[in-house]
Amino acid sequence: AALKDGLRSQVSAALKEGRVTPTELCRRCLALIKSTKFLNAYITVAEETALKQAEESEERYKRGQPLGILDGIPISVKDNFNTAGIETTCASNMLKGYISPYNATVVQKLLDQGAVLLGKTNLDEFAMGSGSTDGVFGPVRNPWSYSKQYKEKSVLKSHSEDEESDWVITGGSSGGSAAAVSSFTCFAALGSDTGGSTRNPAAHCGVVGLKPTYGLISRHGLIPLVNSMDVPGILTRCVDDAAVLLGSLAGHDPKDSTTVQDDFKPFELPNLTDVSKLSIGIPKEYHAPGLSSEILALWSKAADLFKNAGAKVVEVSLPHTRYSIVCYHVLCTAEVASNMARFDGLEYGHRSDMKDSTESMYAATRREGFNDVVRGRILSGNYFLLKQNYEKYFVKAQKVRRLIANDFVKVFRSGVDILLTPTTLSDAAPYTEFIQEDNRTRSAQDDILTQAANMAGLPAINVPTALSERGLPVGLQFIGRSFQEKQLLSVAKWFEKQVQFPVIQLEEVKRHDKGVFQHQKSASFS
């Protein structure tokens, strides 16, 4: 039952009281990872390391000296964070077999507080994508594809149709982390968020996905995609747990000059009972083309929920939002081109056998190591950075980015506390449908509601809200003021309590491994 509980409320107390040991918890999660292997959520499972960490945690509990609330808690990390002694691949041939000599700051902070690292989760190659379908290790399957809720509402298929093709995507690029949390294989996971890569899969997998303010959490050791927008993201099953993780990770890091200089004081979220002093903004531009009528209705219902509770709900305008996708494409590809230059086969990672010359080896290495998506973004970025194009594209995009950021500043200065928007245009698409369009098209569509927060550097969180008519999760997004995570999370927690999102019932997992689930009604352990 502990696998379903919150960190602060139940699990930490159960560990302290000896009702469950860190080793038991770790073994249970490892068993679930094996039984849900078909989800392809993990690239590397560090079983031996995890059990050793759990045993060390157990000793600390026996001595009555736990390191904190995270001691003995199983967590997973997206495979674009460096981990000492554990392979870091970015789901790419370019880094297959690469083992970093150091831990990313966020990973080290978790380990310093006794967390148990189970493994590294799957993603789109170098985090470039919105479906977790383009990594070299194959696509991630959404656990909700195998839930009782989805199966009951799925249209009956003919016996001749392959049942294995009837699954939906997780979203991306942190799809492995979202699937890992959703399927109870860990209590929390780290993702990265450049244009929505934590919030998008969180919405599709029915979990909480937090993108903190840019600079609040260190990026040191996160293999960069877009330095000026990348933020480590937090995925958990409830808002309180996201606050626990944030308190453990936030603060200045001398190894990352973009982090805040001030110390961060962890906080415990209050139980809001009165929202009458809140002003909730509804940005009209987020009623975007392609927004499903179902999500539009849910968004409207959520606004009414706040209004009926006494909050002030106002329509606001973010006029430059319509330029954000084009602006994001220019800036993203330009920084990608710069960041990917380090992968040349000379120092680390894949090296081609081509030996004609250094130049031919360099070119062959990149051709063999990167997939079409990565190579395409490198080409686009280098085009925008050409001397004759630099002012026309890159500099202009930076100016538009400033206008987008200023829109948010004006809205928050007008008295609005929190913005309420959809997270995604629709619920999760079937894999066979998703891959009909190319990566760039899908990413442009899927990032439209999330990436403006990255360009403005603002904190944003996805809160799972309801199940769609197909029985799949739908989430809504809250965007807050810079460094006002406590207010943002407090409002998100209040909303979470009002909507009472249902627990996933993974009855279909029994088909894949009856042994692990024979004593359980479902994987929700309710």
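The values are calculated or read from the model by the stated rules, or taken from the named source; none is laboratory data. Here the structure is a predicted model, which means the values were calculated and not measured. Cβ coordinates were reconstructed from backbone atoms using ideal geometry, including for glycine residues, and neighbour counts include every protein chain displayed. With ligands, DNA and RNA removed, areas are computed over all heavy atoms of the protein, side chains included. Shrake-Rupley method; radii C 1.70, N 1.55, O 1.52, S 1.80 Å.
List of remarks:
- Answer residue from segment 188-204, given it is assigned to a loop (DSSP other than H, G, I, E, B) and in contact with a Gly (Cβ under 9 Å, 6 or more places away or on another chain) and is surrounded by the fewest Cβ atoms within 10 Å (Cβ to Cβ) among those: GLY196
- Enumeration of residues in segment 78-95 that are open to solvent by 10 Å² or more (accessible area, probe 1.4 Å) and within 12 Å of PHE343 (Cβ to Cβ): ASN93
- The selection criterion, being in contact (Cβ under 8 Å) with a residue 60 or more places away in the chain, outside any helix (DSSP H, G or I) and open to solvent by 10 Å² or more (accessible area, probe 1.4 Å), does not hold for ILE33.
- Residue that is nearest to SER468 (Cα to Cα), among those in segment 405-440 that are of a type in the set (A, V, I, L, M) and under 22 Å from the mean Cα position of the chain (by Cα): ALA428
- When LYS265 is tested against the conditions (1) modelled with pLDDT under 95; (2) of a type in the set (Lys, Arg); (3) under 25 Å from THR121 (Cα atoms), the lone failure is (3).
- Note on segment 318-327: residues that are open to solvent by 50 Å² or more (accessible area, probe 1.4 Å) and either closer than 22 Å to ASP417 by Cα or not in a helix (DSSP H, G or I) (or both) total 1.
- Checking each residue in segment 400-457 for being basic (Lys, Arg) and either assigned to a loop (DSSP other than H, G, I, E, B) or more than 14 Å from CYS332 (Cβ to Cβ) (or both) picks out ARG402, LYS410, ARG413, ARG442.
- Qualifying residue in segment 271-285 (condition: at pLDDT 95 or above, touching a Pro at 6+ places or on another chain (Cβ under 7 Å) and hydroxyl-bearing (Ser, Thr, Tyr)): no
- With a requirement of 1 or more residues that are farther than 19 Å from ILE75 by Cβ, the strands (runs of 3 or more DSSP E) lying completely within segment 205-313 that satisfy it span 279-283.
- Tally, over segment 460-498, of residues that are open to solvent by less than 40 Å² (accessible area, probe 1.4 Å) and not in a loop (DSSP other than H, G, I, E, B): 23
- Entry remark, segment 334-359: residues being out of contact with any helix residue (DSSP H, G or I) (no Cβ under 6 Å at 6 or more places or on another chain), assigned to a helix (DSSP H, G or I) and open to solvent by less than 70 Å² (accessible area, probe 1.4 Å) number 3 in total.
- Filter pass, TYR362 being part of a helix (DSSP H, G or I) and in contact with a helix residue (DSSP H, G or I) (Cβ under 6 Å, 6 or more places away or on another chain): no
- Enumeration of residues in segment 61-77 that are surrounded by fewer than 17 Cβ atoms within 10 Å (Cβ to Cβ) and outside any loop (DSSP other than H, G, I, E, B): LYS62
Residues are listed down the side, and each one gets a yes or a no for (1) among the small types (Gly, Ala, Ser); (2) more than 30 Å from ASP134 (Cα to Cα); (3) without any contact (Cβ under 8 Å) to a residue 60 or more places away in the chain:
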site: VAL374; (1), (2), (3): no, no, no
site: LEU386; (1), (2), (3): no, no, yes
site: TYR393; (1), (2), (3): no, no, no
site: GLN445; (1), (2), (3): no, no, no
site: ALA452; (1), (2), (3): yes, no, no
